[in-house]
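For reference, the structure discussed in these notes is given below.
Just so it is clear, none of the values below were taken in a lab; they were calculated from the coordinates. In this text the structure is predicted, and so the values were computed from the model without any measurement.
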Amino acid sequence: MKKSILFSLFFFGMTLPIFAQLSPAITSWVINTTGLTGYNCPSCTTPVYGSIPANVQSVSYTSTDAYIKSQGIGIARVS
């Protein structure tokens, strides 16, 4: 009896993260996976490439907070 209870608790504990869903506050950021660089040029009609990493470099989070690493303003996808 004790073995089946322990196994059930272990199984439930191991499968719980599979069903967890991440918040859009974590998953909606545009991540720079290609090393794209640039800088702001409001008067330019064509893209200008510079040395500042574009978009968001990384996202990390805790159970209550999301931390975004970006050299400028991070961009989030809006649905």
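Here the scattering of segment 22-79 is modelled by Debye summation over its C-alpha atoms, one equal scatterer each and no solvent; at q = 0.15, 0.26 Å⁻¹ the log10 of I(q)/I(0) is -0.49, -1.07. Remark on ILE75: its backbone amide H falls under 5 Å from those of VAL30, VAL56, a criterion applied only to residues 5 or more positions apart or on other chains, H modelled at 1.01 Å from N.
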